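The values are calculated or read from the model by the stated rules, or taken from the named source; none is laboratory data. Every value quoted in this text rests on a predicted model; they were computed, and no experiment measured them. Ideal geometry is used to build each Cβ from the backbone, glycine not excepted, and the neighbour counts take in all protein chains shown. Side chains included, ligands, DNA and RNA excluded: accessible areas come from the protein's heavy atoms. Shrake-Rupley method; radii C 1.70, N 1.55, O 1.52, S 1.80 Å.
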Amino acid sequence: MFRTIAPPPQRLLIFARVPERGRVKTRLARDLGDDRALAIYESMLRDLLQSVGASSENTEVEVLWAPTPIANGETLRRAFGDRALAMQTGDNLGERLSMAFSERFFFHRTEKVVAIGVDDPTLPRTLVDQAFSLLDACEWVVGPALDGGYYLIGCRAAAFVGEVFANIDWGTDRVLPETLERIRTAGSSVALLPERRDIDVAEDLNAVEWKEGRRKDEG
């Protein structure tokens, strides 16, 4: 008989795009051009994947890639390596987050899910692990971003309600307060991580301790 191996109780979901000219970091591209924005995104993706590290016995690291015609086995492996992969589904970010969380909870029997993007390339694994630990005491955890959004969100299975992600004004400074209000309306508790800055526009490049694949203090 074959021994059944239980899946890891925790899952880190990285929402990302396959590097593609004209399809990534579009706000950066308005100031810096498509080629420069693509190069920056490739560096951000590489550094973020390195920073959060690989799967462990307790935590599965999974990349959820956005649909694109260029996605195939070769382009996905080149972008994301040998990490677990799944395609994002849904018409907007709220739907994609809601569907990703619900599938991991109800089909994979995951106990805790944390989701991040690629906009904070220096996000350390220690902070991700802290988010998972906070879910032992709170039902949701959120990492506020300086622009009014968030760089991380997570919850434990028993507390999940998809309405937390519904009808949010995505891309505005209302994302964080609206999300927190929905969590509280659901009667759930929430813990906040330290505030961090995403890289979305050109001025962010000069404000964060990161530069083209290396921290500024590394030269």
Original post:
Inside region 59-110, can you point out the residues that are within 11 Å of residue 15 (Cα to Cα) and of a type in the set (Lys, Arg)?
Top reply: 96
**OP:** Any residue in region 2-17 that's of a type in the set (Val, Ile, Thr): show its pairings with residues that are modelled with pLDDT of 95 or more and buried (at least 18 other Cβ atoms within 10 Å of the Cβ) at Cβ separation under 6 Å, as long as the two are six or more apart or on different chains.
**Re:** 14/63; 14/116
Original post:
Which members of region 23-38 meet the condition of being open to solvent by less than 40 Å² (accessible area, probe 1.4 Å) and either touching an Asp or Glu at 6+ places or on another chain (Cβ under 9 Å) or part of a helix (DSSP H, G or I) (or both)?
Top reply: 24, 25, 28, 29, 37, 38
Subject >> Single match in 159, 131 (criterion: under 18 Å from residue 118 (Cβ atoms), small (Gly, Ala, Ser) and out of contact with any helix residue (DSSP H, G or I) (no Cβ under 7 Å at 6 or more places or on another chain)) >> reply: 131
**OP:** Starting from residues that are hydrophobic (A, V, I, L, M, F, W, C) and crowded, with 19+ Cβ neighbours inside 10 Å, keep the ones in region 53-69 and report whichever is nearest to residue 110 (Cα to Cα).
**Re:** 61
**OP:** Working only within region 152-177, note down all residues that are open to solvent by 40 Å² or more (accessible area, probe 1.4 Å) and farther than 20 Å from residue 91 by Cα.
**Re:** 156, 158, 173, 177
Subject >> Count of region 91-143 residues which are open to solvent by 70 Å² or more (accessible area, probe 1.4 Å), of a type outside the set (Val, Ile, Thr) and within 16 Å of the chain's Cα centre (by Cα) >> reply: 3
**OP:** Filter region 62-82 for residues that are touching a helix residue (DSSP H, G or I) at 6+ places or on another chain (Cβ under 9 Å) and without any contact (Cβ under 8 Å) to a residue 40 or more places away in the chain and give the result.
**Re:** 81
Original post:
Name the pairs: first residue in region 169-189 and closer than 17 Å to residue 151 by Cα, second residue surrounded by 13 or more Cβ atoms within 10 Å (Cβ to Cβ) and among the aromatic types (Phe, Trp, Tyr), Cβ to Cβ under 7 Å, at least 6 apart or on different chains?
Top reply: 175/150; 176/150; 179/150; 183/140
**OP:** Quick one: in region 87-134, of everything that is among the hydrophobic types (A, V, I, L, M, F, W, C) and assigned to a strand (DSSP E or B), which residue is nearest to residue 69 (Cα to Cα)?
**Re:** 87
